[in-house]
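Have a look at the structure below, then the notes.
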Amino acid sequence: MSQAPAIRQIGQPLRRREDFKLLAGKGRYVDDIKLPGMLHMAVLRSPHAHARIGRVDLSAARSAPGVRLALSGQALDGKIGPIRPNWIIPGSKVPSRPVIAIDRVRFVGECVALVVAETLAEAYDAVGLIDVDYEVLPAVTDEEVAVRDGAPQLHDNVPGNITTIYKVRGGDYQKVSREADHVIGLRVVNNRLIPTCMETRAIVAAPELDGTLTVYIGSQVPHMHRRWIAETVGIPEHQLRVVAPDIGGGFGAKMHLYSEDLLCPYLARELGAPVKWWESRSESHQSTSHGRAHTERIEVAFTNEGKILGLKVETLGNVGAYLSNMASGGPTVNTVNFGTGTYKIDNYEAISRVVVTNTVPVDAYRGYGRPEGAYIAERAIDAVARHLKLDQVEVRRKNFVQPAEFPYRPYGSMGVMYDSGNYQGLLDKALAAFDYDRRRSECEALRGSGIYRGIGVAAYTHMCGMAPSRRLAVSGFDRGGWESARVSIDSSGRATIYSGSMSQGQGHITSLSQIAADVLQIPIENIEVVQGDTRQVQAGHGTFNSRSMAVGGSSVHVSSQRIVAKAKKIAASMLEVDEKDVSYSAGAFSVPGTDIPPVTFSKVARMAYVGHKLPDRLEPGLDETVFYDPTGMGSPSGVHLAYVEVDPETGIVDILDYVAVDDVGTLINPRLAAGQIHGGVVQGIAQALYEEVSYDADNGQLLTGSLLDYAVPRAEHVPNIRSLFQETPSPTNPIGVKGIGESGSIAAPPCMVHAVLDAVSPFGITHLDMPLTPPRIWAAVQEARKGAGQ
Amino acid sequence: MIPAAFDYVRASSLTQAIDLLRNDPDGTKLLAGGHTLLPSLKLRLASPALLVDIGDLAELKGIEISETGIRIGALTTHAELFASLPLNEQLPLFRQAAGLIADPQVRNRGTIGGSLANADPAADWPAVMLALQAEIEIAGTSGFRTILARDFFVDIFSTVLEADEILARINIPRPTAGTRFVYRKIRHPASGFAVVGIAIALRLSQNLVSEATIGVTGAANHAFVGEDAADFLIGKTLSRENIDQAARLLSEATECLSDRYASADYRANLIQVELKRALLALTP
Ligand SMILES: Cc1cc2nc3c(=O)[nH]c(=O)nc-3n(C[C@H](O)[C@H](O)[C@H](O)COP(=O)(O)OP(=O)(O)OC[C@H]3O[C@@H](n4cnc5c(N)ncnc54)[C@H](O)[C@@H]3O)c2cc1C
């Protein structure tokens, strides 16, 4: 056996252990799974945003070649469904969502009927033969229009199209707004996005000979999918096995419950054969959840010196046609709770309305609510700086929560607590790396020669790993906050970790191994990690909310500690000494101060299984399972800076530099951490400059139906990102980690918008909404020039 | 997605391909590089009964450079046009434009003939063909006919090609020595196609413009020649004022397209900006 590691594994920039397989093209994704006798499902989707369904004629489809089954929503009514959300903010009105539309469709892309055939081509051909009578109804796609009097109504039990009203309050905003030197208002739009995964959704459901059902699905939350599918289709949960193989990206979109997730298991049992469904890219645009889609009205009260006294926010969160899995929690708890950002704003008043419209349901997408929340705080403080003509950095410094104030409850909140942080430290590090002062004067100097450069700043904080379990009930979150890990040592002393977290590209195999290696003191290559199979992994919640290291990692840490504790007992018995005299280091148990020869971890492991010399009443085996329920949540934070040049003649933005300084607590693997920041920042830049889902306001047609119109950035569109870290360990978990996955997509949108606004400030432009496309920037410059009479 | 079922024939002669087209003009489609046709089949935007693959037809291949001009077979791929040294020695516009079409995968398959026949209003080759005063050779039932590129494009996705005709070759007159070329393109962030693309061939004698041709794509229903702007420049220096005036004339030459991404005003502005920048780049 190889020697125990001499250095701590946590903090090492190890290369990803999982990559070789993927780079060699040997990944196994759901679509790679081909089972004997497998049938294919294809779905007919609504071409209308809002319509009553008349007759659905399936006869031609049923008699088409290869077709085994064709059905519409009526046939499933009462058999499976409805699809219920998993997070319901108390007081929400929950519209009923059938698995397949029964008498009414409410968005373009909603399932109307399906075909199961022997080949995918036959299934597609037959879907084309289904004839549906629709009576088209007026549609509404915009959240501001949907809440107006007389707007088309989507659900009888959701009057005014508002499912949820959520209020947050601290201090006395009304009072400070009367007393403040200045009060300004702004309206910002958080553009609707499509969470574009390289791998679209796919699912295979296969009946097994023993009567159980195996479901292969690209899931961020395999155990949650097992529970939801069991409950919604009516399959005993213990007879359902959910397997998530390799996943080509999730970003939140693969943690919800979709119609197809229910249809394949149901149909597989009905037909007694494996049924596969695979989503095409254009289908994905109209059936997989979208992200963001908010409009915010903000009011900020502040002094002449730029100290913010109070903030008022009104959010309209567009959640599409139904309440998807977490939908009522996004625009509410996840957004407005975080509206004050990194700033000490004691007087805060926010109201969030969750609005249904005739659009694809909106749900979690990388950051979920926190990008929207940070955008509120950041756009507000930037507007304050601009209004007072103060330096954007100094205004932030003046308003930051101070290091001594942690743990910090913003605006006296009961629900929000930032466990730790040092925003000044982040800012200083970012400014130094960015060479802020030199760049600032460079910007000013170049303006004279018609070159428009700008610097953007954004700071953020949020909370990761929703927990503890008992506190989640208050907000109506129907799951726990724990994560489970089983560490199983074999008789040679090698370890297998069964983790309830679920990697979708984050590199858990590497990072969880590093966490375990430090405690177990065994080499990384002696550790395997198993995720994504409910038959192998005892239990879990999966990966979302940047929780996997803080919660999943902590549970690996704790179960590894239990392994060592038990091994120590066994070692003591082998060494014939008292347990308290045994010490464990470098993979060996020894008795310091004696010449008793140490015994290695692998020898102890062997003893655990042969059981020949165990202490009295100690069970054999070396295998520990932990359900780790955190006591609190960690709060990552960061300061990002961007340097851009805007060509006022074309509106094109050139990103010259991007510096991210993030505090995610203890860094388990700096290389993977930087990768997470890079990916998040790219998605944030995408929101700021490129991506936007558009609907035709009149008829609710999706106008960005393919990647030909929906602009996902390519390598040439994004800069070299410089990622740096500051480590303020979180006191909320044993390894001191916070979350990281969502950081970049939270910080980058306001940072980019501020940079562009700074660049075009000489024209007198003070506001732009994302995405800042060249035509949009150019038009704003034209407007401003016209206004200035140039 | 999955295309509807279709029949497939790999044509062994130009005549065979034309005969097949004539048999069922509405239900038959030629297949060249497939990088426009196959996506539209997969989305079931088109479902022809028969695909006639012209990939084997030697008559449609190759780049020939002679004293009088350059002949390019319709099946020549974007990648070949990018890579051909002899071609780009004469007409560096090919490398400039090809390098801005999509990505290497698309360039390895897509053909210049397919691009011209398809007449996407935002495709790159049409502007280049106009600037080079190309002539298009078309094969039909009664042999070959030729037409100037400037008369070839009719409307959005529409050309003078009849349903039973095949775009065979492109003939480009040899440029006068000293002619300089530039292609500039503002790409749509999603599709990568041209929001506006401008191709220019220009010759200066003693600092005065002696020859100029301008082709514009992306801005209108189909690529067009900037005749007024080019005429205006003849005999003039490339002074700031002259460049500005040419840019104005060019942007007034057409009614610009307006879509969700870019307004007609924005396109008209890009025409001006891009022409100015192109001419500045050509100024000695
Ligand atoms: C992702 C992507 C990005 C792209 N980006 C760009 C871009 O930036 N700029 C750009 O200009 N183009 C772009 N294209 C289009 C690409 O250049 C196509 O390859 C080209 O337009 C069509 O050529 P093809 O050989 O692939 O034609 P095919 O797809 O085979 O055929 C296209 C059409 O032309 C007809 N046709 C083909 N050859 C002939 C012929 N010889 N005679 C008569 N009719 C014929 C076919 O029947 C069909 O209707 C892009 C394509 C893709 C997929």
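Here are the numbers for this structure:
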{"item": "Condition broken by B:ASP24, with the remaining ones in (1) acidic (Asp, Glu); (2) away from the ligand (no atom under 15 Å from the Cβ); (3) outside the structural domain of B:PRO104 (by TED's automatic domain parsing) satisfied", "result": "(2)"}
{"item": "Given (1) in contact with a Ser or Thr (Cβ under 9 Å, 6 or more places away or on another chain); (2) open to solvent by 20 Å² or more (accessible area, probe 1.4 Å); (3) among the acidic types (Asp, Glu), number of the condition A:GLU716 does not satisfy", "result": "(1)"}
{"item": "Scope segment A:611-639; condition open to solvent by less than 20 Å² (accessible area, probe 1.4 Å) and touching a Leu at 6+ places or on another chain (Cβ under 9 Å); matching residues", "result": "A:SER637, A:GLY638, A:VAL639"}
{"item": "Breaking point among (1) charged (D, E, K, R); (2) open to solvent by less than 50 Å² (accessible area, probe 1.4 Å); (3) more than 30 Å from A:ASP31 (Cβ to Cβ), for B:ASP19", "result": "(2)"}
{"item": "Evaluation of B:ALA199 against (1) touching a residue at least 40 places away in the same chain (Cβ under 8 Å); (2) more than 14 Å from chain A (Cβ to nearest Cβ); (3) open to solvent by 10 Å² or more (accessible area, probe 1.4 Å) (one fails), failing number", "result": "(3)"}
{"item": "Hits in segment A:640-668 (condition: open to solvent by 10 Å² or more (accessible area, probe 1.4 Å) and within 14 Å of another protein chain (Cβ to nearest Cβ))", "result": "A:ASP647, A:PRO648, A:GLU649, A:ILE652, A:VAL653, A:ASP654, A:ILE655"}
{"item": "Any chance B:LEU116 is within 10 Å of the ligand (Cβ to nearest atom), in a loop (DSSP other than H, G, I, E, B) and more than 14 Å from chain A (Cβ to nearest Cβ)", "result": "no"}
{"item": "Members of segment B:65-88 found to be in contact with a strand residue (DSSP E or B) (Cβ under 6 Å, 6 or more places away or on another chain) and away from the ligand (no atom under 12 Å from the Cβ), listed by number", "result": "B:GLY69, B:ILE70, B:ARG71, B:SER84, B:PRO86, B:LEU87"}
{"item": "Any chance B:LEU100 is modelled with pLDDT of 95 or more, within 9 Å of the ligand (Cβ to nearest atom) and in contact with a strand residue (DSSP E or B) (Cβ under 6 Å, 6 or more places away or on another chain)", "result": "yes"}
{"item": "Some residue of segment B:184-194 being within 14 Å of chain A (Cβ to nearest Cβ), assigned to a strand (DSSP E or B), within 11 Å of the ligand (Cβ to nearest atom) and open to solvent by less than 20 Å² (accessible area, probe 1.4 Å)", "result": "yes"}
{"item": "Failed item in (1) surrounded by fewer than 19 Cβ atoms within 10 Å (Cβ to Cβ); (2) within 14 Å of chain A (Cβ to nearest Cβ), with B:PRO25 passing the rest", "result": "(2)"}
{"item": "Matching helices (runs of 4 or more DSSP H) fully within segment A:1-107 where at least 3 residues are surrounded by fewer than 18 Cβ atoms within 10 Å (Cβ to Cβ)", "result": "A:19-23, A:59-62"}
{"item": "From B:PHE144, B:PHE181, residue being over 14 Å from the mean Cα position of the chain (by Cα), closer than 17 Å to B:GLY113 by Cβ and in a strand (DSSP E or B)", "result": "B:PHE144"}
{"item": "Any hit, segment B:260-268, residues being open to solvent by less than 30 Å² (accessible area, probe 1.4 Å), modelled with pLDDT of 95 or more and under 23 Å from B:MET129 (Cα atoms)", "result": "yes"}
{"item": "Selected residue (criterion: nearest to the other protein chains (Cβ to nearest Cβ)) from residues of segment A:114-134 that are in a loop (DSSP other than H, G, I, E, B) and within 26 Å of A:ASP103 (Cβ to Cβ)", "result": "A:GLY128"}
{"item": "Options B:LEU45, B:LEU41; residue that is more than 15 Å from B:ALA74 (Cα to Cα) and buried (at least 16 other Cβ atoms within 10 Å of the Cβ)", "result": "B:LEU41"}
{"item": "Qualifying residue in segment A:494-509 (condition: modelled with pLDDT of 95 or more and in a helix (DSSP H, G or I))", "result": "yes"}
{"item": "Some residue of segment A:768-780 being buried (at least 19 other Cβ atoms within 10 Å of the Cβ) and among the acidic types (Asp, Glu)", "result": "no"}
{"item": "Residue count, segment A:580-634 (criterion: among the charged types (D, E, K, R) and free of Cβ contacts under 8 Å to residues at least 24 places away in the same chain)", "result": "6"}
{"item": "Any chance B:LEU91 is within 8 Å of the ligand (Cβ to nearest atom) and at pLDDT 95 or above", "result": "no"}
{"item": "Selected residue [touching a strand residue (DSSP E or B) at 6+ places or on another chain (Cβ under 7 Å), within 13 Å of chain A (Cβ to nearest Cβ) and either free of Cβ contacts under 8 Å to residues at least 24 places away in the same chain or buried (at least 19 other Cβ atoms within 10 Å of the Cβ) (or both)] from B:LEU250, B:LEU233, B:LEU275", "result": "B:LEU275"}
{"item": "Looking only at segment B:124-175, and only at residues there that are within 14 Å of the ligand (Cβ to nearest atom) and acidic (Asp, Glu), the one that is surrounded by the fewest Cβ atoms within 10 Å (Cβ to Cβ)", "result": "B:GLU162"}
{"item": "Subset of segment A:669-709 that is surrounded by 19 or more Cβ atoms within 10 Å (Cβ to Cβ), within 12 Å of chain B (Cβ to nearest Cβ) and of a type in the set (Gly, Ala, Ser) - its residue that is nearest to A:HIS48 (Cα to Cα)", "result": "A:GLY705"}
{"item": "Members of segment A:236-261 found to be closer than 14 Å to A:THR214 by Cα and crowded, with 24+ Cβ neighbours inside 10 Å, listed by number", "result": "A:VAL242, A:ALA244, A:ASP261"}
{"item": "Helices (runs of 4 or more DSSP H) contained in segment B:216-284 and holding at least 1 residues under 18 Å from A:THR773 (Cα atoms)", "result": "B:264-282"}
{"item": "Residue tally, condition more than 14 Å from chain A (Cβ to nearest Cβ) and either under 11 Å from the mean Cα position of the chain (by Cα) or within 8 Å of the ligand (Cβ to nearest atom) (or both), over segment B:103-113", "result": "6"}
{"item": "Listing of strands (runs of 3 or more DSSP E) fully contained in segment A:582-692 that carry 2 or more residues being farther than 30 Å from A:GLU372 by Cα", "result": "A:583-585, A:588-590, A:623-628"}
{"item": "Hey, B:LEU45 more than 8 Å from the ligand (Cβ to nearest atom), at negative phi, within 14 Å of another protein chain (Cβ to nearest Cβ) and touching a Pro at 6+ places or on another chain (Cβ under 6 Å) or not", "result": "no"}
{"item": "Strands (runs of 3 or more DSSP E) wholly inside segment A:136-214 containing at least 2 residues that are open to solvent by less than 30 Å² (accessible area, probe 1.4 Å) and within 30 Å of A:PRO771 (Cβ to Cβ)", "result": "A:162-170, A:182-190"}
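The values are calculated or read from the model by the stated rules, or taken from the named source; none is laboratory data. All of these numbers come straight from a predicted model, not from anything done at the bench. Cβ sites come from the backbone with ideal geometry, for glycine too, and all protein chains shown count toward neighbours. Only protein heavy atoms, including side chains, enter the accessible area calculation; ligands, DNA and RNA are left aside. Shrake-Rupley method; radii C 1.70, N 1.55, O 1.52, S 1.80 Å.
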